[in-house]
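**Q** Quick one: the structure is below, questions incoming.
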Amino acid sequence: MFHLRTCAAKLRPLTASQTVKTFSQNRPAAARTFGQIRCYTAPVAAEPFLSGTSSNYVEEMYYAWLENPKSVHKSWDIFFRNTNAGAPPGTAYQSPLPLSPGSLSAVARARPLVEAQPNVDKLVEDHLAVQSLIRAYQVRGHHIAKLDPLGISCVNFDDAPVTVSSNVGFYGLDESDLDKVFHLPTTTFIGGQESALPLREIIRRLEMAYCQHIGVEFMFINDLEQCQWIRKKFETPGVMQFTNEEKRTLLARLVRSTRFEEFLQRKWSSEKRFGLEGCEVLIPALKTIIDKSSENGVDYVIMGMPHRGRLNVLANVIRKELEQIFCQFDSKLEAADEGSGDVKYHLGMYHRRINRVTDRNITLSLVANPSHLEAADPVVMGKTKAEQFYCGDTEGKKVMSILLHGDAAFAGQGIVYETFHLSDLPSYTTHGTVHVVVNNQIGFTTDPRMARSSPYPTDVARVVNAPIFHVNSDDPEAVMYVCKVAAEWRSTFHKDVVVDLVCYRRNGHNEMDEPMFTQPLMYKQIRKQKPVLQKYAELLVSQGVVNQPEYEEEISKYDKICEEAFTRSKDEKILHIKHWLDSPWPGFFTLDGQPRSMTCPSTGLTEDILTHIGNVASSVPVEDFTIHGGLSRILKTRGELVKNRTVDWALAEYMAFGSLLKEGIHIRLSGQDVERGTFSHRHHVLHDQNVDKRTCIPMNHLWPNQAPYTVCNSSLSEYGVLGFELGFAMASPNALVLWEAQFGDFHNTAQCIIDQFICPGQAKWVRQNGIVLLLPHGMEGMGPEHSSARPERFLQMCNDDPDVLPDLKEANFDINQLYDCNWVVVNCSTPGNFFHVLRRQILLPFRKPLIIFTPKSLLRHPEARSNFDEMLPGTHFQRVIPEDGPAAQNPGNVKRLLFCTGKVYYDLTRERKARDMVEQVAITRIEQLSPFPFDLLLQEVQKYPNAELAWCQEEHKNQGYYDYVKPRLRTTISRAKPVWYAGRDPAAAPATGNKKTHLTELQRLLDTAFDLDAFKNFS
């Protein structure tokens, strides 16, 4: 059902007579006509123009008109006024006069057919008033619900529309009407089996449905079926009933939740644990969602959450061994060799077990998270999407996600908004997520009045029409019911839903924090607050559901479990982070029961395969498909390249992807405009020029039993989408997952994912990940916003030591280097090398993130081509491409050896040729910057004994690669020679926005590189 104002806005252009046709076309499911509305609308039932019109639709018009007569078309205004004035059936509607110069105001001058007749009209007005009353509770009942267990809620509705009122006079009714019986509209279920109720009972039932410990926000949803579903769940009398067995289970879960925190407090009173005190109901809430989802067929739940309550969730929801949790508090615990690890309330977990309520197997995974509270949200979504993809779950019936949030972070972190906007996109949807907000009503020391501009922290969810269920966390049964409904909603509609647990934080931000400094009044109230376990236990004892000895026995039983686990935990001396993995890859790290060999096979391909992929890439493998004329020329050019056994950048990428698909490797390429490519070079999705939405992906027509290729344009988000793709890459090592930035520097708005997950992921969580970042980079005179992918940032975060020369004689030195690094950073100068590095990413016996600085001008540069010979069997990725011209033939005559990477190589070779210095200056390309190729560069330096060394880059001196390369080159040669710099001067911005200045700077760079006397003044 539309919100009143939305309804009015959508319908304003339509006249009364036009409505019939429009409505019958757009809402055919609403079959009941206005003539079937009950007796209180009988006077309008006979209007001829209303035949076939939905009563719900016309009722909505009434609501809008009652609030503001000007919100509907003039013809509707006349109709409603005539009806309320007592016009006989069939006469209330007046057809407006034709609009002509002489009658432009004809409709405006129309008048009611009869004068108002209050006595005749009273019945209609009263019934409409009752409808308005019911609707007010549905729309705004949550405003006066008793949601805050502390009774001090700061949710402010001062600026909101007039809230619901139980004062019947507000709706034009009298006290004498309270005992009158009114027919109920079809948009309410408060009557149960009854179609009419006294007004007093109507109000009582509305109060019980919407104004107790549950507040429901849903009337903004513009889908009638969904609104009716929610109304039925909350309005039907007696719907919120629990059996004694369910109540005892709830009590037992509250005991475990509460006593776990109390046990930790007794044993480690001075340790931070970010306990759950004040929201102990979270544990039974999550278990209820999981139980109900399992009952509906879900067998894999992926969760993400911040640190508050994380240990409790690990213990009592995921069911991690308690001794593994308790040993984390031992300060003498030594880290295993696998990594440094993270604090105990950041680590993840993966566990498969039996759900005792449904007797079904269920897998639970809690994704590791940093302190950047909501950063894990898109990661969870991506991992969920991947698990659904790999098990063929196209509707989200088997795999689902649950995201936990803090109230301040949910409102304050923009990634929440970005993640919500991925929720219904075809290539990103996980078919509904249950969001649970632990609403402490405070963020660290900041109260909501200073932390958000909206009444609720959950208002961001309204952008995707997600229903929001607010619930008082001190009413465990209300919480359980809301969680059941949330799980059923997700199962029924496969859309997001939010459960807002309004609670409090008994301690400060952590157990060592003093909250009275800044929230004295709140914490005075909290100190008086009886724990929810005690309150609920007293309730069940009073109801006779349990007795006091049974309750005390439940407590002592769990306390004993904790004590025994504590004793066992003392035997743990080493922290094995592998026990805390959220995404294990069984079978990947071994082959026939043995660890995989630290080698990498050739990444080359046979000519037949290269030719076949090239032919498909230059054709349209679908009949009767019309492509753009410009694209026809592009495909023809590709075909010519294939005939000449040559590839450009786009074709090299196509061949790398296509060959991996043949080998059963799923490929997913995601990012802004990646289907075509920002620079119109890729064209992996072809669009029929004559048929809307008809597309063709030639890559999926390469081989009979190939793996699928997913290429998807993303929303205009970097943070959310990169996090999503990172999560997708977590699920399986046998997939190549790539994220491409529209321009390289756009990764800066995804820096949190890079800093918190990608760069340190293996060290923090022993979580290998093979995600690939494609970052277009190069100084092209396009200004500071579209030039630099900021390579200095990635290189500064590499974990290799610039002052230590590794053992260059070690077997498989290059592969071992890759294994020891935290990520791989490359800048390829040839399409062939780009082809090899993409294939190497999958053929390695382990997974590392790969950062590729991709070109822009080289996409079409006539010299940036590779021959098939560079890609045949036996060929590999070249970490360094040495000089192969005249200078290499007479190395003793070389006076300067230039090292560079990427696009600037082509500027240098052009200038060298123009100056006729091909024998005096050698140019060596470093294609893999990290891990640094010490071994190959040592060979290059030794080859040119008389040459001075210089690093040349197009980036400014304080940016780019110089600060990374210089100390490593110096270490390579034992500091025997200086390493000079040729490039732009230091600057604050990555590039100039002035084309002339850009060219002047480039020429100065080239002059320095080829002036053999340039560095003498610095000797």
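**Q** So, in the stretch 806-844, exactly how many residues are assigned to a loop (DSSP other than H, G, I, E, B) and either in contact (Cβ under 8 Å) with a residue 40 or more places away in the chain or closer than 18 Å to Phe794 by Cβ (or both)?
**A** Residues flagged as assigned to a loop (DSSP other than H, G, I, E, B) and either in contact (Cβ under 8 Å) with a residue 40 or more places away in the chain or closer than 18 Å to Phe794 by Cβ (or both) within the stretch 806-844 amount to 11.
**Q** Now for a separate question. Can you name every one of the helices (runs of 4 or more DSSP H) wholly within the stretch 198-293 that holds 1 or more residues which are modelled with pLDDT under 95 and in contact with a strand residue (DSSP E or B) (Cβ under 7 Å, 6 or more places away or on another chain)?
**A** 199-210
**Q** Determine which member of the set Glu538, Glu511 is surrounded by fewer than 20 Cβ atoms within 10 Å (Cβ to Cβ), outside any helix (DSSP H, G or I) and charged (D, E, K, R).
**A** Of Glu538, Glu511, the one residue that is surrounded by fewer than 20 Cβ atoms within 10 Å (Cβ to Cβ), outside any helix (DSSP H, G or I) and charged (D, E, K, R) is Glu511.
**Q** What residue, of Met480, Met522, Met516, is free of Cβ contacts under 8 Å to residues at least 12 places away in the same chain and more than 23 Å from the chain's Cα centre (by Cα)?
**A** Just one listed residue meets the conditions, Met516.
**Q** Follow-up. Could you give me the residue pairs with C-beta distances under 6 Å whose first residue belongs to the stretch 350-363 and is touching a residue at least 24 places away in the same chain (Cβ under 8 Å) and part of a strand (DSSP E or B), whose second residue is surrounded by 11 or more Cβ atoms within 10 Å (Cβ to Cβ) and of a type in the set (Phe, Trp, Tyr) wherever it lies, and which are 6+ apart or on separate chains?
**A** Close Cβ pairs satisfying both conditions: Thr363/Tyr300.
**Q** Within the stretch 789-799, is there a residue that is crowded, with 23+ Cβ neighbours inside 10 Å, touching a Gly at 6+ places or on another chain (Cβ under 9 Å) and under 30 Å from Glu863 (Cβ atoms)? Quick ask: steps written out before the conclusion?
**A** The first filter runs over the stretch 789-799 and keeps only residues crowded, with 23+ Cβ neighbours inside 10 Å, leaving 789, 791, 794.
With the extra rule that they be touching a Gly at 6+ places or on another chain (Cβ under 9 Å), the set shrinks to 789, 791.
Checking which are under 30 Å from Glu863 (Cβ atoms) leaves us with 789, 791.
So far as the stretch 789-799 goes, yes, one or more of its residues are crowded, with 23+ Cβ neighbours inside 10 Å, touching a Gly at 6+ places or on another chain (Cβ under 9 Å) and under 30 Å from Glu863 (Cβ atoms).
**Q** Could you tell me whether Ile221 is of a type in the set (A, V, I, L, M) and either on the phi > 0 side of the Ramachandran plot or within 32 Å of the chain's Cα centre (by Cα) (or both)?
**A** yes
**Q** Which residues, taken from the stretch 678-712, are among the polar types (S, T, N, Q) and either surrounded by fewer than 16 Cβ atoms within 10 Å (Cβ to Cβ) or in contact (Cβ under 8 Å) with a residue 60 or more places away in the chain (or both)?
**A** We begin by selecting, within the stretch 678-712, every residue among the polar types (S, T, N, Q); these are 678, 680, 689-690, 695, 700, 705-706, 710.
Residues satisfying the conditions are Thr678, Ser680, Gln689, Asn690, Thr695, Asn705, Thr710.
**Q** Here is a follow-up. Which condition does Met779 not pass, out of (1) in contact with a Leu (Cβ under 8 Å, 6 or more places away or on another chain); (2) buried (at least 18 other Cβ atoms within 10 Å of the Cβ); (3) modelled with pLDDT of 95 or more, if it passes all the others?
**A** (3)
**Q** Here's a follow-up. What are the residues in the stretch 860-903 that are touching a Ser or Thr at 6+ places or on another chain (Cβ under 9 Å) and in a helix (DSSP H, G or I), if any? Break it down stepwise before answering.
**A** Here is the first cut: in the stretch 860-903, the ones touching a Ser or Thr at 6+ places or on another chain (Cβ under 9 Å) are 863-878, 880-883, 885, 897-903.
Answer for the stretch 860-903, where residues must be touching a Ser or Thr at 6+ places or on another chain (Cβ under 9 Å) and in a helix (DSSP H, G or I): Phe868, Asp869, Glu870, Met871.
**Q** Name the residues in the stretch 964-995 that are in contact with an Asp or Glu (Cβ under 8 Å, 6 or more places away or on another chain), more than 19 Å from Glu927 (Cβ to Cβ) and part of a helix (DSSP H, G or I), would you?
**A** Scanning the stretch 964-995 gives Pro967, Thr971.
**Q** Also, quick follow-up: Could you tell me whether Val804 is more than 30 Å from His666 (Cβ to Cβ) and β-branched (Val, Ile, Thr)?
**A** yes
**Q** Find the helices (runs of 4 or more DSSP H) located wholly in the stretch 565-675 whose residues include 1 or more that are crowded, with 18+ Cβ neighbours inside 10 Å and at pLDDT below 90, and list them.
**A** No helices (runs of 4 or more DSSP H) qualify here.
**Q** Run down Ala487, Ala565, Ala537 and say which single residue is touching a residue at least 60 places away in the same chain (Cβ under 8 Å), within 30 Å of Arg462 (Cβ to Cβ) and of a type in the set (A, V, I, L, M, F, W, C). Step through it out loud before you land on a result.
**A** Details: Ala565 fails: within 30 Å of Arg462 (Cβ to Cβ); Ala537 fails: within 30 Å of Arg462 (Cβ to Cβ).
Checking each option against the conditions leaves just Ala487.
**Q** So, one more: Could we say that Gly761 is buried (at least 24 other Cβ atoms within 10 Å of the Cβ), in the same structural domain as Val837 (by TED's automatic domain parsing), farther than 22 Å from Arg839 by Cβ and not hydrophobic (A, V, I, L, M, F, W, C) here?
**A** no
**Q** Considering the stretch 400-448 alone, what residues qualify as being within 22 Å of Leu716 (Cα to Cα) and of a type in the set (S, T, N, Q)?
**A** Once the filter is applied, which keeps residues that are within 22 Å of Leu716 (Cα to Cα) and of a type in the set (S, T, N, Q), the stretch 400-448 yields Gln413, Thr419, Ser423, Ser427, Thr429, Thr430, Thr433.
**Q** For the structure I just gave you, tell me whether Val837 is touching a helix residue (DSSP H, G or I) at 6+ places or on another chain (Cβ under 6 Å), surrounded by 19 or more Cβ atoms within 10 Å (Cβ to Cβ), closer than 19 Å to Trp739 by Cβ and modelled with pLDDT of 90 or more.
**A** For Val837, the condition - touching a helix residue (DSSP H, G or I) at 6+ places or on another chain (Cβ under 6 Å), surrounded by 19 or more Cβ atoms within 10 Å (Cβ to Cβ), closer than 19 Å to Trp739 by Cβ and modelled with pLDDT of 90 or more - is not met.
**Q** Taking the conditions exactly as written (surrounded by fewer than 21 Cβ atoms within 10 Å (Cβ to Cβ), farther than 20 Å from Leu540 by Cα, among the aliphatic types (A, V, I, L, M) and touching a residue at least 12 places away in the same chain (Cβ under 8 Å)), does Leu276 satisfy them or not?
**A** Considered against the rule, which asks whether it is surrounded by fewer than 21 Cβ atoms within 10 Å (Cβ to Cβ), farther than 20 Å from Leu540 by Cα, among the aliphatic types (A, V, I, L, M) and touching a residue at least 12 places away in the same chain (Cβ under 8 Å), Leu276 comes out as no.
**Q** Condition first: more than 13 Å from His683 (Cα to Cα) and in contact (Cβ under 8 Å) with a residue 40 or more places away in the chain. Now tell me which residues in the stretch 642-658 satisfy that. Let's see the steps before the verdict.
**A** Narrowing the stretch 642-658 to residues more than 13 Å from His683 (Cα to Cα): 642-648, 652, 655-658.
Result: Arg645, Thr646, Val647, Asp648, Ala652, Met655, Ala656, Phe657, Gly658.
**Q** Now for a separate question. Go through the stretch 469-484 and give me each residue that's within 25 Å of His431 (Cβ to Cβ) and surrounded by fewer than 24 Cβ atoms within 10 Å (Cβ to Cβ). Break it down into steps so the answer makes sense when it comes.
**A** Residues of the stretch 469-484 that are within 25 Å of His431 (Cβ to Cβ), as a first pass: 469-471, 479-484.
Those that are within 25 Å of His431 (Cβ to Cβ) and surrounded by fewer than 24 Cβ atoms within 10 Å (Cβ to Cβ): Tyr481, Lys484.
Okay, residues lined up against (1) without any contact (Cβ under 8 Å) to a residue 60 or more places away in the chain; (2) outside the structural domain of Ser732 (by TED's automatic domain parsing); (3) of a type in the set (S, T, N, Q); (4) not in a loop (DSSP other than H, G, I, E, B):
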site: Ile402; (1), (2), (3), (4): no, yes, no, yes
site: Phe410; (1), (2), (3), (4): yes, yes, no, yes
site: Tyr417; (1), (2), (3), (4): yes, yes, no, yes
site: Leu422; (1), (2), (3), (4): no, yes, no, no
site: Ser427; (1), (2), (3), (4): no, yes, yes, no
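**Q** While we're looking at this one, here's another question. Only residues that are more than 25 Å from Glu194 (Cβ to Cβ) and among the β-branched types (Val, Ile, Thr): list them for the stretch 206-260, please.
**A** Passing the criteria: Ile221, Thr243, Thr249, Val255, Thr258.
**Q** Hey, another quick one. Within the stretch 437-445, identify whether any single residue is part of a strand (DSSP E or B), within 25 Å of the chain's Cα centre (by Cα) and either more than 18 Å from Gln413 (Cα to Cα) or not assigned by TED's automatic domain parsing to the domain that holds Tyr300 (or both), and answer yes or no.
**A** In the first step, residues of the stretch 437-445 are kept if they are part of a strand (DSSP E or B); the result is 437-439, 443.
Right, trim to within 25 Å of the chain's Cα centre (by Cα) and you get 437-439, 443.
Those left that are additionally either more than 18 Å from Gln413 (Cα to Cα) or not assigned by TED's automatic domain parsing to the domain that holds Tyr300 (or both): none.
No - not one qualifying residue is present in the stretch 437-445.
The values are calculated or read from the model by the stated rules, or taken from the named source; none is laboratory data. Keep in mind that what you see is a predicted model, and the values were worked out from it rather than measured. Here Cβ is always computed from backbone atoms with ideal geometry, including for glycine, and neighbour counts include all displayed protein chains.
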